[in-house]
Each structure stands twice: as C-alpha cells, then as structure tokens.
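Shown next, in structure tokens, is the structure this report addresses.
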C-alpha cells in the first residue's frame, strides 16, 4: 500500500534485493557457473534484431552501421549473446556523449599461428567474428588489461557497477570464445568477439561455391523439408532467401520484395497457382528476374524458352547442382 508509512522503506529494500540478485547473476556469469542453454543457431538474425532494438533506444546523435558478411552458425546461449552485443554497444554510447558512430560487423575469420602469437590465449581455427567499433574517447593503454575485471570501472558510481565487461567476458568464455580490444585515446575502441564456427554439411559443401554479393532469391515450393535444406544452403552462401508454400503466396511475397529478388526457383505443380503461371506473372512484371522451374514429373518436352523461363530442372536433384545453375544464371545478368 503506497499510503503506508513503511512503503518507501520496503520498496527501497526490494529494489536493493533486486540489484543484489542481478549482481550475483553477473558474478556467476563471470565465474562461468551460471546456467546456460547452449544451442546451435545462425548469428545473423540475432544481430539484426538487436541492432533494431538499439536503434530505438540509443541517443539520436549516435548512428549505427551494420555490415553482415557471414551466415554461419555458432553454439551459445542466444539470450546471453544478445546481452554481449547490448553491453558492448551501451559502453560505446557512453564513450560518445557528444555523439558519434558505432560500426557493427559480422564476418568469418581464421585464427592462424600469427594471431596466436599475438594473443596466446587463442586457439587456431575458424571463427565467426563479431566486431563492435566506436568513434568515442578511447581506452588508455595502461588500463586495457583491467577492463574485464569485476567491479573495475572508470564511470561514476551512478553510471554502473563495473560488471558490464566482466559479464561479457564470462559469457564469451562459456561459449568457448575470445574477446580482444584495440584502442587509442581519442581514436575510439574496437572490440572483437570470436565464436567457434559450426561447420554444417552445407557449410562444408558451400566452400566450392563463391559467396553472393547480397542477391535475393525467391523459393516457392510446398515440400517444407526441401525448402528448409535449400534455404539453409543458400543462406550459407550469403543469399537473402524469400519463401512461400504455393503459387498465390509466392506472388504476394514477390510483390512485397520485388526490388530485392534477382532469381526465383518455382515448383511447377503447386496449390492455388502453378509455377508456370507464377513465372509468367513475374516475367511480365520484371523481365530481368531469372527463373528456374522444378518438376517431379516428366515435363513432356516442355521447353524453357516456350514458357519464358531460364531453366527447367527435374527432381530429384542435388542441391549443389541447382546452386551451381543459380550462380551461372546470376552471373549472366551482371
């Protein structure tokens, strides 16, 4: 009851207890004793989602620039990884009270013997590297070795507990990863977070293909399992994939993302509208879009030229084969 004379004392006590609980959680994370729910997931969607959240909450005089160059998987707790991004971005904002820029980049890096000599705590291997760089006041060299220590902070008491970077460090260690910092006073700071890259079957095969330069592909197919496999493979190569389960839905998706779609892969036999009908509508709307038709039946001498598409492929086919054809067709259009 807010009218009670004891209200402010008990509310203050509850707030203090909550802060203590949060602090204990942070200490457990740093000590790598907190409970985590590791799972394999593609980091890209989480980074994009977190950047959207940040753009709504950071000061207006700070700009965020996002550069995604990887769609690989990692194994970690997604909630904790998001906390890493938020903590590092918040620190970056605090370092730029007059405004500035935060650059967030996601790419794949190979740690070799040279890197291990520079950072002896690292192991050689392939990693997904999350880079967060700001244009703030920078971190003095003499304290850089202490910034991940619990309770170490250069901020005033009302600005933080000194557990932000310690928590980040603990989360990354739990994911078998690493974090490095490069900074000079007056020149900003760059944090690089390394998560071991999870090589899926499609990631291994995709090494034989070149990475896409942000091309968009529409896949319309009513076999969910085929779409799942196909989508994962294409995303490993850097393509943006749009999907639909039938011809009618495919047309809706196409009209919504028309400016991003460079090629469409359509099943011929689908509910509500056939792949041939959808292909003709797409070609009328945008003749430059390349189209591949898939069929599980003998196509009875159907010719791609007569239908107005670029290729007809019979099922079953290897994903590698159709991706090779996709890349050939897209290369022709460049």
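The values are calculated or read from the model by the stated rules, or taken from the named source; none is laboratory data. In this text the structure is predicted, and so the values were computed from the model without any measurement. A quick note on method: Cβ atoms are made from the backbone with ideal geometry, for glycine too, and the neighbour counts reach across all protein chains shown.
Taken residue by residue, segment 260-275 has at least one member that is touching a residue at least 12 places away in the same chain (Cβ under 8 Å), within 21 Å of residue 226 (Cα to Cα) and in a helix (DSSP H, G or I).
There is at least one residue in segment 298-310 that is surrounded by 18 or more Cβ atoms within 10 Å (Cβ to Cβ) and modelled with pLDDT of 80 or more. Do the conditions hold for residue 130, that is, is it in contact (Cβ under 8 Å) with a residue 60 or more places away in the chain and touching a strand residue (DSSP E or B) at 6+ places or on another chain (Cβ under 6 Å)? Here the answer is yes, as residue 130 does meet what is asked. The set of residues from segment 311-334 being at pLDDT below 80, within 14 Å of residue 230 (Cα to Cα) and part of a helix (DSSP H, G or I) comprises 319, 320, 321.
One residue stands out in segment 282-297 among those that are surrounded by 15 or more Cβ atoms within 10 Å (Cβ to Cβ) and within 19 Å of residue 260 (Cβ to Cβ): the one that is farthest from the chain's Cα centre (by Cα), namely 283.
For segment 69-92, a residue qualifies if it is touching a helix residue (DSSP H, G or I) at 6+ places or on another chain (Cβ under 9 Å), surrounded by fewer than 18 Cβ atoms within 10 Å (Cβ to Cβ) and either under 23 Å from residue 235 (Cβ atoms) or free of Cβ contacts under 8 Å to residues at least 60 places away in the same chain (or both), and the qualifying residues are 78, 82, 86.
For segment 276-297, the set of residues classified as in a loop (DSSP other than H, G, I, E, B) and either farther than 29 Å from residue 236 by Cα or at pLDDT below 90 (or both) consists of 296, 297, listed by residue number. The C-beta contact set for segment 304-326 (first residue at positive phi, second residue surrounded by 16 or more Cβ atoms within 10 Å (Cβ to Cβ), distance under 7 angstrom, 6+ apart or interchain) comprises 308/279; 308/283. Please go through segment 221-259 and give me each residue that is outside any helix (DSSP H, G or I), under 16 Å from residue 317 (Cβ atoms) and touching a helix residue (DSSP H, G or I) at 6+ places or on another chain (Cβ under 9 Å), ordered by number. Within segment 221-259, just 221 meets the criteria.
Being assigned by TED's automatic domain parsing to the domain that holds residue 220, under 22 Å from residue 214 (Cα atoms) and surrounded by 21 or more Cβ atoms within 10 Å (Cβ to Cβ) is the requirement here; does residue 266 meet it?
Working: assigned by TED's automatic domain parsing to the domain that holds residue 220: yes; under 22 Å from residue 214 (Cα atoms): yes; surrounded by 21 or more Cβ atoms within 10 Å (Cβ to Cβ): yes.
Yes; evaluated as a whole, the condition is true for this residue.
Residues in segment 133-143 that are part of a strand (DSSP E or B) and surrounded by fewer than 21 Cβ atoms within 10 Å (Cβ to Cβ): 133 only.
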